[in-house]
1. State whether one or more residues within the range 83-103 are on the phi > 0 side of the Ramachandran plot, buried (at least 18 other Cβ atoms within 10 Å of the Cβ), modelled with pLDDT of 95 or more and of a type in the set (G, A, S).
2. When residues of the range 6-57 are filtered for being surrounded by 13 or more Cβ atoms within 10 Å (Cβ to Cβ), modelled with pLDDT of 90 or more and touching a helix residue (DSSP H, G or I) at 6+ places or on another chain (Cβ under 6 Å), how many remain?
3. Residues that are among the polar types (S, T, N, Q): find the strands (runs of 3 or more DSSP E) completely inside the range 87-126 holding 1 or more of those.
4. I need every pair where a residue in the range 64-79 that is under 17 Å from A116 (Cα atoms) has its Cβ under 8 Å from the Cβ of a residue that is polar (S, T, N, Q) and surrounded by fewer than 16 Cβ atoms within 10 Å (Cβ to Cβ), sequence separation at least 6 or different chains.
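The values are calculated or read from the model by the stated rules, or taken from the named source; none is laboratory data. As the structure is a prediction and not an experimental result, all values here were calculated from the model. Note: ideal-geometry Cβ built from the backbone for every residue, glycine included; neighbour counts use all protein chains shown.
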Amino acid sequence: MRALLRLLGLADTAEPEASGSSALGQAATVVGPGISIKGELQGQGTMTVLGSFEGEIVLDGELHVGPEARVDANISARRIVVAGTVRGNLSADTRVDILPNGSLTGTVKSSSFAAADGATVKGEIWVERQAQAPADRPA
């Protein structure tokens, strides 16, 4: 399990605190293998799907789709990482990553996008820089 979390970028590289808890354990929601959910999900923090999800996901945080997971949903999150299969429209505030063997069919809108060697992507990719505030622009 630790290797899977590391692959998805969720592994806590620091040793667990003396109490035995880590930041990951406090902040993550996991849809485990063998679990299927249909509906609309809204929330905050990090979510990892290892089973299947169908519907809509609106997340103020990161969504990670595990290697064996299947997601058929429109997704809005701060960051989306796909190692499994996703069908739907993705909107990410910061970044969408499709990992090796990850599969995406749909439209992506984000300020950053990356697909690793071995990833499958079918659809449209819209990458737009976020506008700088006037005070942040060089003179």
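1. Here is the first cut: in the range 83-103, the ones on the phi > 0 side of the Ramachandran plot are 88, 101.
Adding the requirement that they be buried (at least 18 other Cβ atoms within 10 Å of the Cβ) leaves 88.
Imposing the further condition that a residue be modelled with pLDDT of 95 or more reduces the set to 88.
Then keep just the ones that are of a type in the set (G, A, S); that gives 88.
Yes; the residues of the range 83-103 include at least one that is on the phi > 0 side of the Ramachandran plot, buried (at least 18 other Cβ atoms within 10 Å of the Cβ), modelled with pLDDT of 95 or more and of a type in the set (G, A, S).
2. Of the residues in the range 6-57, 1 are surrounded by 13 or more Cβ atoms within 10 Å (Cβ to Cβ), modelled with pLDDT of 90 or more and touching a helix residue (DSSP H, G or I) at 6+ places or on another chain (Cβ under 6 Å).
3. Where strands (runs of 3 or more DSSP E) fall fully within the range 87-126 and carry at least 1 residues being among the polar types (S, T, N, Q), they are 90-98, 103-105, 108-110, 120-122.
4. Correct list of pairs: P67/N101; R79/T94.
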